Every structure is written in structure tokens, then in C-alpha cells.
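Chemist: I have a structure I would like to understand better, so I am pasting it below and will then ask my questions one at a time.
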Amino acid sequence: MAHYLFNVGDRDAAEARLRAKLWGVGQDERHGDALAAGDLVLIHVAGPGGGLIGRAELASAVHAWSPSEAQAAADDAPSGVVLSDVERWQRTVPMATVVARVDPTGSNPLVQANARDGFQAAVVRLTAGEYEAAVAAGRAYQRRR
């Protein structure tokens, strides 16, 4: 099992993909050929007011959409993955909250660069520790009032 972050620039698009349980991934997307059923993903919306909005498990590897999947998919990608066990968070978790949990000492240059500059790819590989820390931060943030 591997861990990834799916990065998208539009919140409405991300939410539509989560509802459909279909996430478009191009055949040439970095890490696309490595995605497999059972992998875990965080869902990130880029840009101002963005952050993590949930998590999911992959139910498939990247594949060309079947006709019914293409019709149901919330984007125009010709291929992608099927999502299962989707957990949509009610409150968007700011990256500062996640980074404080993932890299509390501020010593990981990659984490700090992504936090500062945003993710540069649609699919980003994470370590198991980064994924678990981000999920824990997200769930804790949901309980805050």
C-alpha cells in the first residue's frame, strides 16, 4: 500500500469527483502507473482558502474509463481511478495545520517547500508517516470548534 496526495485547483471539481467516486488521472501523470487498489490518498485543493478536504482509498489502478464511468466522471479526463471509503471533511484543513503535525520541527525541506509554494503536481507521493499525520490533523481539526 502506498500513500498519495491528489492535488486539484478547484474545490467544486474536487467535491464533484469525491461524490462520483471517480478521480481523473492522466495516463502520463507522474506516479499514475504506480497507483493501485488499496492505496490511500489525501484530497488537496490548491490556492487561496485551500487545504485538505478529505481522504479516500483507491478501488482501482489508473485505467481508461468505461462508457458508464466516463459518463459519471466529474471531469473530462479519459482515464482515472475509482475511489472507495471516501471521507469528506466538513471543514477544509489549512496546510499550516497539517504541516505543524507532519513536520513539527520545520526541518523537512520538501514539506516546507510544498507548504510555501503549493504542490506542483496533480499526484504527489507521501510517506506513510506523512499521510497518517495529515489524517490525524484533519480529523482533529474537524473536532475543533
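The numbers here are math on the coordinates, done by the rules we state, and not lab data. Everything numeric here is computed off the predicted structure, so don't read it as measured data. Positions of Cβ are backbone-derived with ideal geometry, glycine not excepted, and every protein chain shown enters the neighbour counts.
Chemist: Kindly provide the set of residues from region 1-30 that are surrounded by fewer than 17 Cβ atoms within 10 Å (Cβ to Cβ) and within 17 Å of Ala121 (Cβ to Cβ), ordered by number.
Modeler: Gly9, Asp10, Ala13, Gly26, Gln27, Asp28, Arg30
Chemist: For region 32-58, enumerate the residues that are closer than 22 Å to Arg116 by Cβ and either touching a residue at least 24 places away in the same chain (Cβ under 8 Å) or in contact with a helix residue (DSSP H, G or I) (Cβ under 8 Å, 6 or more places away or on another chain) (or both).
Modeler: Scanning region 32-58 gives Leu42, Ile43, His44, Val45, Ala46, Gly47, Gly49, Gly50, Gly51, Leu52, Ile53.
Chemist: Please count how many residues of region 63-106 are part of a loop (DSSP other than H, G, I, E, B), in contact with a helix residue (DSSP H, G or I) (Cβ under 6 Å, 6 or more places away or on another chain) and closer than 16 Å to Leu5 by Cβ.
Modeler: Looking only at that region, the number is 1.
Chemist: Right, something else. Could you tell me which of the residues Val98, Val93, Val81 is in contact with a strand residue (DSSP E or B) (Cβ under 7 Å, 6 or more places away or on another chain), free of Cβ contacts under 8 Å to residues at least 60 places away in the same chain, over 13 Å from Ala134 (Cβ atoms) and not charged (D, E, K, R)?
Modeler: Val81
Chemist: For residues in region 2-60 being assigned to a loop (DSSP other than H, G, I, E, B) and on the phi > 0 side of the Ramachandran plot, which is farthest from the chain's Cα centre (by Cα)?
Modeler: Residue satisfying both the conditions and the ranking: Gly49.
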